[in-house]
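This report refers to the structure that appears directly beneath it.
Since every read-out is calculated from the coordinates, none of them should be taken as a lab result. On a predicted model such as this, the values are computed, not experimentally measured, just so you know. Quick reminder, even Gly has a Cβ in these numbers, built from the backbone with ideal geometry, and neighbours come from all protein chains shown.
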Amino acid sequence: MPDTYPLSNLAAIDAAHHLHPFADMKKLNAEGTRVIQRGEGVYIFDNHGRKYLDGFAGLWCVNIGYGRREITEAVARQMNELPYYNTFFGTTSTPTALLAEKVTSHAGARFNHIFFTGSGSEANDTWFRMARVYWSAVGKPSKKIVIARKNGYHGSTVAGASLGGMKYMHEQGDLPIPGIVHIGQPYWYGEGGDLSPDEFGLKVARELEAKIDELGEENVAAFVAEPVQGAAGVIIPPETYWPEIDRICKARNILLVTDEVICGFGRLGSWFGHQHFGVEPDLAPIAKGLSSGYLPIGGVLVSDRIADVLINEVGDFNHGFTYSGHPVCAAAALENLRIIEEERLVERVRDDIGPYFGRAWAALAEHDLVGAADSIGLMGGLQLAAEKSTRTRYEKLDQIGSLVRNHALANGLVLRATSDRMLASPPLVISHAEVDEMARITKLALDAAWKELKS
Ligand SMILES: *Cc1c(COP(=O)(O)O)cnc(C)c1O
């Protein structure tokens, strides 16, 4: 960094020129931004030398942890060899081709192709077009509508934000675009009423069937959902949910799209979330853990059913990005996958650290402020509650989560808050002792928030 920019000035420089994503800039500038300087393992360090355990893996993505020199070396090698070339005009590069083979080798027999993008949002825009192109090519051009879910998250581009079911996003810029409709989410704690979780899971899954009937099967292209809702607050669906969704999509000839941007690459203890739930998607957007966030890259896993039509019937699919299959990003992703394989991180989440984290996390349910503590693999959701026994939620949803989050941060732990839920998603390399530290600080933060609420 040039000497003319003393560290103490960075927050002011940032405030003067940088508009942040999903941020109230006036508020952020008043509070000051934090400058994150360095990362190592599961820890990040700010420019004041303060150390934080990153319980959120950056933004659900740093699966192999920070500071992995293998990645920087692979990236430097590729940069020196070929920093960029496109994949548009019948060309590819070595890491790009190898990555396509490697990713699909983990995605099960139905997936043998990938379309590369630069991000998860672009991946969602990509399959959205692909699904419509597919139906046109097989002689069903009226199948255009996509059914998605309230409180789903599929990115911030126009199609991504429209597919997502975040009301506060739709309110800005006249979204969703036409051709996208939303059904309920499998959020039993908040919306299940007197039904058991299993009854509720079936009920919300069957909203899909009812919506298809209402719209006409001949008009519906696809249903999209995250295997586990991430941004909505780590909402783990009841066990009855996914089998019923899978059944309905098959019975009605609707494409099933699982958005694997968070659930892919070991987060749930499987390579992909759909494998954990035993369902059979036709398309699956991926990103985040694909490169552990070291460089931006995403893609869409394309099943044989769709790929055969794209390859043999469609001719030109007029879609792509300058950075589709970027050789340096592909080199980072390839090395990342090599590390995940070599260190058996997927199996580690399934058999060791996932269950260990699950026990530590579940113990937090005893806290007076916590209504439920659920986890799956290395993804945890903590439901804050005003009154546990009746599942009564706090009135000021937004304030309660950020209160706990701020106390966690002050004690050296990064957690995320979404309204009245706390979200955890640590790197897959986290140790048992570091999980203990996460649980200990989370409890401290809950205690401090509880004390503040009572006074
Ligand atoms: C983060 C995310 C996206 C968007 O990915 P970007 O890389 O931010 O564009 C899409 N879907 C899900 C499930 C996500 O969590």
Using unit Cβ charges (K, R positive; D, E negative) and no other charged atoms, how large, in debye to the nearest 20, is the dipole of the chain about its Cα centre? 480 debye
Measuring from centroid to centroid over Cα atoms, what is the spacing of the stretch 87-132 and the stretch 248-287 in Å? 15 Å
Calculated from DSSP H runs of 4 or more alone, at -39500 (n - 2.57) each and per residue, what is the 222 nm mean residue ellipticity of the chain, nearest 500? -12000 deg cm²/dmol
Average Cα contact separation per residue, the chain, under 8 Å, 6 or more apart, as relative contact order %: 20 percent
What percentages, rounded to whole numbers, describe P(r) for the chain computed over all alpha carbon pairs with 20 Å bin width beginning at zero? 24, 58, 18, 0
Scanning the chain for helices, which whole DSSP H stretches are 20 Å or more long along the axis (Cα) and average -0.5 or more by Kyte-Doolittle? 197-215, 327-342, 397-410, 432-454
What is the extension gain from THR322 to ALA433, computed as 0.36 nm multiplied by their sequence separation minus the C-alpha to C-alpha distance, in nm to one decimal? 35.6 nm
Ordered by number, the trypsin sites (Lys or Arg not before Pro) in the stretch 243-337 that occupy a DSSP loop and have at most 15 other Cβ atoms within 10 Å are ARG252
At SER156 and ASP308, where each label point lies 7 Å from the Cα along Cα→Cβ, what is the point-to-point distance in nanometres? 4.0 nm
Hey, got the dipole for the stretch 33-170? About the Cα centre, +1 on K and R Cβ, -1 on D and E Cβ, debye to the nearest 20? 700 debye
Projected label distance in nm at ASN406 and GLU191, using a 7 Å step from Cα toward the beta-carbon: 3.0 nm
Given a cut-off of under 8 Å on Cα pairs at least six residues apart, what relative contact order in percent is computed for the stretch 60-202? 14 percent
Is the C-alpha gyration tensor of the stretch 242-363 telling us rounded, prolate or oblate? Criteria: a/c under 1.5 is rounded; beyond that, a/b larger than b/c is prolate, otherwise oblate. oblate
Using the alpha-carbon centroid of each, what span in Å lies between the stretch 376-455 and the stretch 161-205? 24 Å
Pull out the extension gain between LYS26 and GLU73, defined as 0.36 nm times the separation in residues minus the alpha carbon to alpha carbon distance; nm, one decimal. 12.9 nm
Aspartates and glutamates near LYS203 by alpha-carbon distance under 13 Å, same-chain residues fewer than 8 away left out - which ones? GLU191, ASP194, GLU239, GLU244
With a 10 Å Cβ neighbour count serving as the proxy for reagent exposure, in which order, fewest first, do LYS51, LYS454, LYS143, LYS211 appear? LYS454, LYS51, LYS211, LYS143
Treat every Asp and Glu Cβ in the stretch 71-342 as -1 and every Lys and Arg Cβ as +1, leave all other atoms uncharged, and give the resulting dipole magnitude about the Cα centre to the nearest 20 debye. 300 debye
Compute the relative contact order of the stretch 71-342 as a whole-number percentage, counting only Cα pairs closer than 8 Å that sit 6 or more residues apart in sequence. 29 percent
Could you work out how far apart the two model spin labels at SER389 and ILE177 are, taking each label as a point 7 Å from the Cα in the direction of the beta carbon, and quote it in nm? 5.2 nm
In terms of the charge dipole of the chain, which places +1 on Lys and Arg and -1 on Asp and Glu at the beta carbon, the residue among PRO296, VAL133, ALA417 farthest towards the positive end is ALA417
